[in-house]
Amino acid sequence: MYRTYRMLTLYSGAVLSFILNKRCKAGKENPERVLEKKGISNHTRPSGALLWIHAASVGEAQSALILVRRLTALNPDINILVTTGTLTSSQLMQSRLPENAFHQFFPLDHPKWVERFINHWHPNAVIWMESELWPNMLNEIRTNNIPAILVNAHMSDKSFSSWKKMKPLAKVTLSAFTKILCQTDTDKTYFDQLGAKETIITDNLKYSADTLDFNQDSLDALSLSIKDRPVWLYASTHKGEETLACDVHKTLKDQFPDLLTIVVPRHPDRRKEIIELCSAYDVKITFRGSDKALPDGNDDIYIVDTLGELGLFYSLTSIACIGRSFSDDGGGGHNPIEAAQLNCAILHGPNVQNLQDIFDDMDTDKAALCIRDPKHLCDTLSILLNDDNETAILQSAALEYSNKKTHIIEHIMSEIISTLENKASSKFLTTETESA
């Protein structure tokens, strides 16, 4: 089955090039770096050991940053290549990576493009994050005998159902990984059934996320602007959730005339789309934008269309609803631990399957509240905005929960180091070494 996949993708170059050009014109790719998606880079491979970490998008990239910081602390001389596939994740990486780490776009899964990528970078080892599996790239890693480990591995029911129909392809693809570190029992079962070599459960790396940073001057300016207005935050929203925010705001405004609803879209470049979505509502919207505009006291909805400021707004507000849990795309949820670390009372919708175990655990501990529907969201916000004590109870439970599993990173780091260094017969992760 892999031969068939390889043959089909081998003849896909013209189509993939057309798609990339179209995406460039639509502003969905960086035209100055689009050749990286064909495995072509103008960045020279640094001398010495090179560790490659692949993270598909923003969520995986944030988890990858945890490992980057730990690995550079172990060996300040190691070079780290981080690849992602999206514009937003590339901007995040470029702003947060340390000096000895750098970002490239992940090449599309064309056999020649992935071969070109591997031949250029010659990584000593690979850490692959979470769930994105590309057969040609992983086959290239395997045939070049590059040690690889899948970290924070997750597989949704839908993905498992799809891969199960292509089990021979799945088995070949997964054979690139010496070991797979799974988030849950279910994930382990799925990877085992698809033919993975060795799997263990290490829980979710997101429990060990560093607390999001923020600019204190910006926080002071926002606090002064908002004053004592009642406020709630809708964090990391996706399509459909901005209109929900407008609906909720209009419902609550009779009870709270000076209510401010803050919305932080997951993808800041959706400004035009958000304007169109919210145009049917009689609400005044202010966009933060690159000039860092502040709420003016007359606005209803404050849209934070900037990157890297989520920590600022978790610090500003007491109540946060986690995005992509009500969204039109089927949901999945985003990491609630970040909000918990910054002392927010946490609400979320019913569609949190990407992080189901974390949300279920938090709900059980009363560290978060699952909201059934828009009316339930309105009712819950009404209670919390009216009662500081109820909000404080939720905040305290969330903060306490966020400190429960910070040890997980130690287990994951131990597995990464032992697996990759044993496979490579070299202590390149913990001591300086020459590249192969």
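Selection within the range 38-53: residues that are buried (at least 23 other Cβ atoms within 10 Å of the Cβ) and at pLDDT 95 or above. The member of this set that is nearest to His154 (Cα to Cα) is Ile53.
Which of the following residues is of a type in the set (S, T, N, Q) and touching a residue at least 60 places away in the same chain (Cβ under 8 Å): Ser156, Ser161? Step by step, each of Ser156, Ser161 is checked, and only Ser156 is of a type in the set (S, T, N, Q) and touching a residue at least 60 places away in the same chain (Cβ under 8 Å).
Within the range 122-132, the residues that satisfy the criterion of being surrounded by fewer than 22 Cβ atoms within 10 Å (Cβ to Cβ) and either modelled with pLDDT of 95 or more or more than 16 Å from Thr199 (Cβ to Cβ) (or both) are His122, Glu132.
None of Asn351, Asn335, Asn343 is touching a Ser or Thr at 6+ places or on another chain (Cβ under 6 Å) and assigned to a loop (DSSP other than H, G, I, E, B) except Asn351. Each residue in the range 166-197 was checked for being over 16 Å from Asp357 (Cβ atoms) and assigned to a helix (DSSP H, G or I), and 10 of them qualify. The sole residue among Val126, Val82, Val114 that is of a type in the set (Val, Ile, Thr), over 24 Å from Gln183 (Cα atoms) and within 24 Å of the chain's Cα centre (by Cα) is Val114.
Going by the conditions given, is Ile319 surrounded by fewer than 23 Cβ atoms within 10 Å (Cβ to Cβ), at negative phi and out of contact with any His (no Cβ under 7 Å at 6 or more places or on another chain)? Judged against the criteria, Ile319 is a match. For Thr4, the conditions (1) closer than 28 Å to Lys165 by Cβ; (2) surrounded by 13 or more Cβ atoms within 10 Å (Cβ to Cβ) all hold with the exception of (2).
The values are calculated or read from the model by the stated rules, or taken from the named source; none is laboratory data. Source: prediction; values computed, not measured. Backbone-built Cβ (ideal geometry, glycine too); neighbour counts: all protein chains shown.
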